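Only one structure is covered here, and it is reproduced in the block below.
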Amino acid sequence: MNLLDKLQILADSAKYDVSCSSSGSNRSNRPGGIGNASLPGICHSWSDDGRCISLLKLLFTNVCIYDCKYCVNRSSNDIRRASFTPDELCELTIQFYRRNYIEGLFLSSAVVKSPDYTMELMIRTLKKLRHEYRFNGYIHIKSIPGADMRLVYEAGLLADRMSINIELPSAAGLKLLAPQKEPVAILKPMDFIRERIEESRELVLYKGSQSFVPAGQTTQLIVGATRDSDLKILHLSEHLYSRYQLKRVYYSAYVPVNEDENLPSVHTGPPLLREHRIYQADWLLRFYGFKAHELLDEGHPNFDAHLDPKCDWALRHLDQFPVEINKAPLEMLMRVPGIGHRMASRIVRARRVGPLTFEDLKRMRVVLKRARYFITCNGRYYGGVDLDAGLLYPLLADKADKKVMAGQISLFG
Amino acid sequence: MIYVTDGSFEGILTAVFEAYSNKEEPDTITLGSDYQLSLGTEIREIATDAEKSDRVWRGIQSRISEKCLEDLYRAYLSEHHQAGLYIYRYVRLGLKLGRKVEGYLQHPDVQAIHDLSRRVASEVHLFLGLLRFRRLKNGIFYACYEPDSNITQLIAGHFAARLSDQPWIIHDKKRDVLALYNGVEVVFATGLPPIAEEACDEEYEALWKQYFKAIAIESRRNPKLQRSFMPARYWKNLAEKQL
């Protein structure tokens with residue numbers, strides 16, 4: 001099989017992994033070496049689905065001993081199988097990097113023979129890339145569930161970022177769709193990686209100490225393969241951020257690739273709007289000081305398809321509005337629908353120089369479409385309607401979303 | 001009153017100096033001699049003067065901030081036809097208000113510089129990713145591009161640090177500005193003889209195109225989203241966007 005075919009097969013098999021970020025590391029180049037890492041990350045292209053291409057995202061192999069029902073590479077699927085050699089992968093990475101196609105390598109793999117065997121193949125590749133090819137660019141490696149901790153540690157010394165995918169948001173879902181995987185095989189290495197990262201941050205003050213996963217660890221949850229609610233998913237994410245110190249939780253709208261009685265039919269599209277809402281809520285957890293229980297609860301376990309989660313929250317907390325643009329603290333400005341954290345801090349800086357009028361906000365390009373109902377400027381309200389959830393809902397509801405909705409509602413028929 | 005400069009950043013700073021010393025308020029500060037003249041407007045030719053521009057430079061540094069200088073320089077690189085005037089007005093306001101001018105975004109003069117500086121900074125970031133090198137027959141890696149702003153000198157350092165073991169050329173075809181790296185240092189040039197662009201690189205370009213195709217999820221196809229991140233005007237220099 002030639003390299004072009006292998007690339008086609010093993011990129012195709014890797015594409016359902018959404019993470020492609022190259023941020024969080026600032027590894028510098030060394031004399032005679034090639035590459036460095038840029039702290040904010042760099043996108044190099046955007047594929048036809050609009051997702052960013054930053055890293056060369058490939059599987060080492062798609063030959064798998066597991067038969068997870070949601071996965072395109074499950075052992076019982078009749079698809080073309082291929083494997084790279086470490087040298088092929090190194091050569092591809094370096095040659096793509098020299099042409100500025102990519103920011104680095106994201107190496108994942110199906111499980112061939114055993115988790116340890118697979119992990120060893122991946123480590124051999126990274127060692128070659130770092131030491132023989134003197135590559136100092138970004139490397140993200142997927143840790144194989146069930147691999148020995150010694151191997152996880154070895155991989156972490158070579159990579160910038162590591163991830164272990166949880167995939168299914170509940171143990172019940174895992175049992176139903178991936179019976180060969182144990183929850184403990186996912187959470188144990190996650191905890192192990194967190195401990196080693198903390199250790200390495202403390203040791204970094206000493207000369208000659210090696211850095212371990214400097215860009216932190218991430219994970220991925222599949223949305224819509226099981227019946228888990230948004231509430232369940234968001235609570236899990238919150239727990240992962242606080243307990244395991246994850247940098248990111250990625251969400252992947254389930255693309256039905258296999259026919260199975262326990263899965264949505266292959267004739268349904270991926271629940272893209274739901275994925276979008278969960279991402280918006282994830283942002284609110286990480287940057288806006290929201291807690292999962294503020295956004296959703298047992299009586300309201302899923303996001304409204306027509307409202308972004310912040311609007312949804314604001315309509316249920318109208319007693320906290322309107323807020324005065326010239327007085328409200330930064331944390332409260334960030335809770336106003338339509339005002340992001342960057343705009344909120346611009347407002348705070350600007351009002352130090354002089355009081356802001358409604359016209360000033362327009363000039364500063366604050367998006368007032370939603371915000372106008374939740375603010376006052378120097379005591380004046382510009383919303384034009386009473387602060388009443390029933391009146392505001394139709395003004396705030398996203399009408400364009402209805403089209404996307406149509407494809408999503410029929411998920412479980 | 002129109003101030004006509006030679007189009008250099010120093011020229012604009014000299015114009016700022018002249019406006020102060022002549023106690024007049026220019027209506028326009030041109031970037032070069034290509035400008036529109038309407039009947040009856042007065043013209044003042046500004047001779048770029050290192051000492052005068054230095055004094056303005058140092059005045060900005062000490063009375064506003066270092067970051068302000070960077071913002072003004074980026075705004076200048078946008079080549080917006082009013083960039084000279086915006087810079088003058090911003091400096092005038094900044095010398096009065098000091099550092100806090102940077103946050104004074106409700107003021108149109110501050111907003112103007114802020115917008116131009118951001119436009120340039122985001123194009124710089126975009127091209128750190130979108131620039132494409134091809135290996136020429138002589139072993140040099142060559143990248144051509146057509147950015148909206150004059151950003152070649154802002155991106156060259158990044159590639160010198162990253163691709164330090166290969167000789168490369170970055171060529172802004174729109175302005176005929178080149179950055180050349182020989183493995184040791186970067187030199188900027190303009191007006192060089194045309195470069196033979198034949199690459200001996202088809203193999204890796206084909207692999208890259210194959211990868212680009214394979215990585216997209218068909219059921220998530222979203223050309224509008226793709227174009228919003230990667231505007232179509234940049235496509236002609238992107239290998240993956242050529243059939």
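The values are calculated or read from the model by the stated rules, or taken from the named source; none is laboratory data. Treat the numbers as computed from the prediction; the structure is a model and nothing was measured. A quick note on method: Cβ atoms are made from the backbone with ideal geometry, for glycine too, and the neighbour counts reach across all protein chains shown.
For the stretch A:26-51, give me each residue that is more than 7 Å from chain B (Cβ to nearest Cβ) and touching a strand residue (DSSP E or B) at 6+ places or on another chain (Cβ under 6 Å).
Across the stretch A:26-51, the qualifying residue is only A:ALA37.
Within the stretch A:82-105, track down each residue that is surrounded by fewer than 18 Cβ atoms within 10 Å (Cβ to Cβ), in contact (Cβ under 8 Å) with a residue 40 or more places away in the chain and away from chain B (no Cβ under 14 Å).
Passing the criteria: only A:ASP87.
I'd like to know if the stretch B:125-140 contains one or more residues that are in a strand (DSSP E or B) and within 11 Å of chain A (Cβ to nearest Cβ).
Among the residues of the stretch B:125-140, at least one is in a strand (DSSP E or B) and within 11 Å of chain A (Cβ to nearest Cβ), which makes the answer yes.
I'd like the full set of residues that are among the hydroxyl-bearing types (Ser, Thr, Tyr) and assigned to a strand (DSSP E or B), limited to the stretch B:7-61.
B:THR28, B:THR30
Filter the stretch A:42-81 down to the residues that are free of Cβ contacts under 8 Å to residues at least 40 places away in the same chain and among the polar types (S, T, N, Q), then identify the one that is surrounded by the fewest Cβ atoms within 10 Å (Cβ to Cβ).
A:SER76
(1) closer than 23 Å to B:LYS241 by Cα; (2) surrounded by fewer than 17 Cβ atoms within 10 Å (Cβ to Cβ); (3) not charged (D, E, K, R): which one isn't true of B:GLY157, the others all being true?
Here B:GLY157 clears every test but (1).
So which residues in the stretch B:215-243 are of a type outside the set (Phe, Trp, Tyr), in a helix (DSSP H, G or I) and over 20 Å from A:VAL18 (Cβ atoms)?
B:ARG227, B:ALA232, B:ARG233, B:LYS236, B:ASN237, B:ALA239, B:LYS241
Check off (1) closer than 30 Å to B:TYR181 by Cα; (2) of a type in the set (Val, Ile, Thr); (3) more than 14 Å from chain A (Cβ to nearest Cβ) for B:ILE169 and give me the number that stays unchecked.
Going through the list (1) closer than 30 Å to B:TYR181 by Cα; (2) of a type in the set (Val, Ile, Thr); (3) more than 14 Å from chain A (Cβ to nearest Cβ), B:ILE169 breaks only (3).
What do you reckon, is B:ALA161 in a strand (DSSP E or B), facing chain A (nearest Cβ under 10 Å), modelled with pLDDT of 95 or more and under 20 Å from the mean Cα position of the chain (by Cα)?
No, not satisfied.
Check off (1) out of contact with any Cys (no Cβ under 8 Å at 6 or more places or on another chain); (2) farther than 22 Å from A:ASP230 by Cβ; (3) aliphatic (A, V, I, L, M); (4) in the same structural domain as A:LEU356 (by TED's automatic domain parsing) for A:LEU315 and give me the number that stays unchecked.
All conditions are met except number (2).
Keeping to the stretch A:127-146, report how many residues are within 23 Å of the chain's Cα centre (by Cα) and either assigned to a loop (DSSP other than H, G, I, E, B) or surrounded by fewer than 18 Cβ atoms within 10 Å (Cβ to Cβ) (or both).
The total comes to 5.
Restricting to the stretch B:188-214, and then to whatever is in a strand (DSSP E or B) and surrounded by 11 or more Cβ atoms within 10 Å (Cβ to Cβ), can you tell me which residue is nearest to the other protein chains (Cβ to nearest Cβ)?
Here the residue is B:ALA199.
Which of the residues spanning the stretch A:266-286 are farther than 19 Å from A:GLY50 by Cα, within 14 Å of chain B (Cβ to nearest Cβ) and without any contact (Cβ under 8 Å) to a residue 24 or more places away in the chain?
Result: A:VAL266, A:HIS267.
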